[in-house]
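Notes for the one structure printed next.
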């Protein structure tokens with residue numbers, strides 16, 4: 001949904017929490033669902049990512065539309081903002097403590113940053129040639145093959161890469177037939193790994209290749225973890241489902257992510273439930 005409004009003076013509560021917002025004056029209330037949204041905001045020829053809250057404020061019980069623009073710290077008072085909502089994050093909530101409100105706001109901002117980072121990574125992959133993909137796959141195969149953890153392991157938890165990941169796993173399976181490879185099978189919030197040949201994987205949820213759930217895999221010695229972006233210190237941006245974060249929180253096994261060099265970043269937005277990986281390799 002798109003709408004526009006002028007920034008007016010607000011109560012400045014969000015600013016005291018470290019997340020300043022622009023309060024929009026609208027000629028008429030837009031037909032927007034109350035809650036928190038990821039949005040794009042445009043003004044003066046520039047476009048930014050943003051978080052939008054639409055609903056009744058706890059402080060004065062008035063309906064308001066408040067916009068926090070990511071990576072922007074200038075003065076917006078009096079400016080006309082063009083707002084386009086792109087993803088609904090959550091319903092409005094009542095907070096008993098200011099600390100709880102602050103924690104939720106920071107979580108909302110983190111989710112918005114992840115959304116736009118995934119969009120940037122997706123656009124980069126769409127402009128990556130087949131030859132560039134082939135070279136990255138060869139480098140990824142070589143890097144993983146020479147890892148001491150891989151060379152010594154007998155059981156590897158792997159995954160079937162999608163179009164936004166380096167396609168090196170199939171070759172790894174074929175070149176090391178003496179090892180056992182297992183792949184994730186997800187139903188609901190439950191993710192389990194089953195032994196499988198790569199060629200026997202079948203399309204599953206979201207058309208991602210998965211194993212036929214017949215032979216539950218033994219405990220692994222190494223886990224190859226998918227990621228769209230990561231930092232060298234191990235923060236990881238996954239596919240968005242949270243399944244690996246939940247799974248990795250319960251085990252203590254060496255983990256590796258292999259990514260394009262341009263997807264290894266200085267900072268990755270993370271939440272309290274996000275799990276780091278032990279090693280990040282850029283190729």
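The values are calculated or read from the model by the stated rules, or taken from the named source; none is laboratory data. Keep in mind that what you see is a predicted model, and the values were worked out from it rather than measured. Note that we place each Cβ from the backbone using ideal geometry, even for glycine, and neighbour counts take in every protein chain shown.
Do we have residue 183 as assigned to a strand (DSSP E or B), closer than 26 Å to residue 128 by Cβ, in contact (Cβ under 8 Å) with a residue 24 or more places away in the chain and touching a strand residue (DSSP E or B) at 6+ places or on another chain (Cβ under 9 Å) here? Against the criterion (assigned to a strand (DSSP E or B), closer than 26 Å to residue 128 by Cβ, in contact (Cβ under 8 Å) with a residue 24 or more places away in the chain and touching a strand residue (DSSP E or B) at 6+ places or on another chain (Cβ under 9 Å)), residue 183 qualifies.
Checking each residue in the stretch 39-48 for being closer than 19 Å to residue 109 by Cα, surrounded by fewer than 22 Cβ atoms within 10 Å (Cβ to Cβ) and in contact (Cβ under 8 Å) with a residue 24 or more places away in the chain picks out 40, 42, 48.
Checking 216, 232, 206, 222 one by one, the residue that is in the same structural domain as residue 158 (by TED's automatic domain parsing) and surrounded by 19 or more Cβ atoms within 10 Å (Cβ to Cβ) is 222 and no other. Of all residues in the stretch 90-106, those satisfying the criterion of being in contact (Cβ under 8 Å) with a residue 40 or more places away in the chain and surrounded by fewer than 17 Cβ atoms within 10 Å (Cβ to Cβ) are 90, 91, 92, 98, 102, 106. For the stretch 200-216, a residue qualifies if it is in contact (Cβ under 8 Å) with a residue 24 or more places away in the chain and either assigned to a strand (DSSP E or B) or more than 24 Å from residue 274 (Cα to Cα) (or both), and the qualifying residues are 201, 209, 210, 211, 213, 216. Can residue 170 be described as more than 24 Å from the chain's Cα centre (by Cα), in the same structural domain as residue 217 (by TED's automatic domain parsing), touching a residue at least 60 places away in the same chain (Cβ under 8 Å) and surrounded by fewer than 20 Cβ atoms within 10 Å (Cβ to Cβ)? Considered against the rule, which asks whether it is more than 24 Å from the chain's Cα centre (by Cα), in the same structural domain as residue 217 (by TED's automatic domain parsing), touching a residue at least 60 places away in the same chain (Cβ under 8 Å) and surrounded by fewer than 20 Cβ atoms within 10 Å (Cβ to Cβ), residue 170 comes out as no. Every condition in (1) under 30 Å from residue 283 (Cβ atoms); (2) in a loop (DSSP other than H, G, I, E, B); (3) touching a residue at least 60 places away in the same chain (Cβ under 8 Å) holds for residue 71 except the one numbered (3).
When only residues in the stretch 28-38 that are within 16 Å of residue 7 (Cα to Cα) and touching a strand residue (DSSP E or B) at 6+ places or on another chain (Cβ under 8 Å) count, which is surrounded by the fewest Cβ atoms within 10 Å (Cβ to Cβ)? Within the stretch 28-38, the match that is surrounded by the fewest Cβ atoms within 10 Å (Cβ to Cβ) is 29.
For the stretch 184-196, a residue qualifies if it is surrounded by fewer than 18 Cβ atoms within 10 Å (Cβ to Cβ) and modelled with pLDDT of 95 or more, and the qualifying residues are 194, 195.
If you go through the stretch 136-167 and keep only what is crowded, with 19+ Cβ neighbours inside 10 Å, free of Cβ contacts under 8 Å to residues at least 60 places away in the same chain and farther than 15 Å from residue 281 by Cα, you end up with just 160. Please verify whether residue 269 is in a loop (DSSP other than H, G, I, E, B), within 19 Å of the chain's Cα centre (by Cα) and at pLDDT 90 or above, treating the condition exactly as stated. No. Evaluating residue 17 against the criteria (1) closer than 19 Å to residue 111 by Cα; (2) modelled with pLDDT of 85 or more leaves one unmet condition, (2). For residue 237, state whether it is touching a strand residue (DSSP E or B) at 6+ places or on another chain (Cβ under 6 Å) and within 25 Å of residue 104 (Cβ to Cβ). So residue 237 fits the description; yes. When residue 133 is tested against (1) touching a helix residue (DSSP H, G or I) at 6+ places or on another chain (Cβ under 9 Å); (2) assigned to a helix (DSSP H, G or I); (3) surrounded by fewer than 12 Cβ atoms within 10 Å (Cβ to Cβ), exactly one condition is not met: (3).
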